[in-house]
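*Asks:* Below is a structure I'd like to ask you about.
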Amino acid sequence: MEIHKGTSRIAFVGGNLTVKVPNPHTLRHLAKIFEYLKLGDLEELRNWFGYTEGNCVGFRWAISGLLQNWREFLLSKELSVIAVPTRLSIFGLLNVQDTAQNLPSTISDKDLFVTMGMAIGPEIMKDPHSVYGTDNFGIHDGRAKMRDYGNVKIGPILKGHIDPIREALKNLMSKPKETFSPTPELKKNK
Ligand SMILES: Nc1ncnc2c1ncn2[C@@H]1O[C@H](COP(=O)(O)OP(=O)(O)O)[C@@H](O)[C@H]1O
Ligand SMILES: [Mg+2]
């Protein structure tokens, strides 16, 4: 088993299944929420998150690992052809996902970003981070799929472009090695 740390979750990657749990900052904040709720001290709870009327960004950040897990669970069925299935979620505290092997090293972060950008169009700029990084993708059932799709903005974007993304990822995987890095210009200068 391997352990990988993402931006908001820790993944325990096994041969067939991967377990994702919120990272320690989320768990620490959850413990604080329960502590203040137990004391009935809502004022202190608000202060802890720097919460002001209409601004709950800090709160959302604090529990982001939990929210990302939960969103992946809700989206999994609908996105099954472009996202690795999430089989189970215990209120976002623990998710079980199929394990997806890493993409071939010939595919770069840039290749992926361009591929996803072409499939999605300008909307990609609402959440470029989710589709930049080969680590957020893997091979499942012989296809390239997303294994990190819990960001708040990426869900609706993916739902609106399922077919083009599926096609683009299929083409990406079927490209011969030489069409990836080094880029043709660099090759020429060699
Ligand atoms: N289903 C999976 N199969 C294999 N590895 C995975 C899987 N899901 C996540 N990982 C690994 O764990 C890392 C962190 O998971 P990720 O879902 O990206 O969390 P975060 O949203 O915190 O970035 C990924 O970058 C990847 O290396
Ligand atoms: Mg990630």
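Only the coordinates and a few stated rules stand behind these numbers; no lab work does. All figures in this text were calculated on a predicted structure; none of them were measured in a lab. FYI the Cβ positions are ideal-geometry reconstructions off the backbone, even for glycines, and counts take in every protein chain you see.
*Asks:* Can you confirm whether the range 96-106 contains a residue that is within 14 Å of ligand 2 (Cβ to nearest atom), under 24 Å from Leu66 (Cα atoms) and not polar (S, T, N, Q)?
*Replies:* Within the range 96-106 (the criterion being within 14 Å of ligand 2 (Cβ to nearest atom), under 24 Å from Leu66 (Cα atoms) and not polar (S, T, N, Q)), the answer is yes, since at least one residue qualifies.
*Asks:* Within the range 116-131, which residues are surrounded by fewer than 21 Cβ atoms within 10 Å (Cβ to Cβ) and under 19 Å from Lys175 (Cα atoms)?
*Replies:* Within the range 116-131, Gly117, Met118 meet the criteria.
*Asks:* Check whether at least one residue in the range 73-87 is within 10 Å of ligand 1 (Cβ to nearest atom), basic (Lys, Arg) and touching an Asp or Glu at 6+ places or on another chain (Cβ under 9 Å), and report yes or no.
*Replies:* no
*Asks:* Then there is this: Filtering the range 141-158 down to residues that are more than 13 Å from Thr86 (Cβ to Cβ) and part of a helix (DSSP H, G or I), which residue is nearest to ligand 1 (Cβ to nearest atom)?
*Replies:* Residue satisfying both the conditions and the ranking: Ile154.
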